[in-house]
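The structure appears below as structure tokens.
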Amino acid sequence: MVTLDIMNGALGYHDLPWDRWDKEGAVFVEADASTDHLSNDVLSVVKHAKFINQDLPEVCLQGEKFFAENNAEAIRSGRVKFQPNDFFTEQPVKGLVEIC
Ligand SMILES: C[S@@+](CC[C@H](N)C(=O)[O-])C[C@H]1O[C@@H](n2cnc3c(N)ncnc32)[C@H](O)[C@@H]1O
């Protein structure tokens, strides 16, 4: 697992080598993902990896609504999932690349 802290300002997510991690079976898990930002942007440059967006339950519902209206295929195909989780608790799933 690789853990990246992109909230400290040292890196913007566009600077990251997504193609290096874009393998069949790779899962990017974003804690405090909000509704869409990262997975929706990065989906345009990765071809294989999946995204699990973790946030509070009400935010996950908003995220699912965003994708239903803007990129329903990402949810239908399983490339993007929302997973309610309070980050003060154990993460239900951890990925190859964890973004926080
Ligand atoms: C600044 S936004 C994160 C944005 C996103 N990571 C990005 O880079 O665009 C902070 C997010 O943390 C979420 N959040 C706040 N408390 C949380 C908690 N206890 N567990 C999970 N998510 C939480 C909020 O709902 C919000 O979506």
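Calculate one ³J(HN,Hα) per residue across region 48-56 by plugging θ = phi - 60° into the Karplus curve 6.51 cos²θ - 1.76 cosθ + 1.60, and present them in order as whole Hz with x for glycine and proline.
Here the 3J(HN,Hα) series is 10, 5, 10, 10, 10, 9, 9, 6, 5 Hz.
Quick one: if you stick a label point 7 Å off each Cα along the C-beta vector at D19 and S77, how many nm between them?
Placing both labels 7 Å beyond Cα along the Cβ direction yields 1.8 nm.
Which whole-Hz ³J(HN,Hα) couplings does region 70-83 yield from phi under the Karplus relation 6.51 cos²θ - 1.76 cosθ + 1.60, θ = phi - 60°, glycine and proline marked x?
For region 70-83, the Karplus-derived couplings read 10, 7, 4, 4, 4, 7, 4, 7, x, 5, 10, 10, 10, 9 Hz, x marking Gly and Pro.
Mind listing the phi-derived Karplus ³J(HN,Hα) values for region 30-44, rounded to whole Hz, using 6.51, -1.76 and 1.60 with θ = phi - 60°, and x for any glycine or proline?
10, 6, 6, 6, 6, 8, 6, 3, 5, 4, 5, 5, 6, 4, 6
Which far-off residues, 5 or more places away or on another chain, put their amide H under 5 Å from the one on F51, with H placed in the peptide plane?
Residues meeting the amide H criterion: F28, V80, K81.
All of the numbers you see were taken from the coordinates with simple rules; none came from a lab. This one's a predicted model, so the numbers in the text were calculated from it and none came from an experiment. Here the Cβ is made from the backbone with ideal geometry for all residues, glycine too, and neighbour counts use every protein chain on show.
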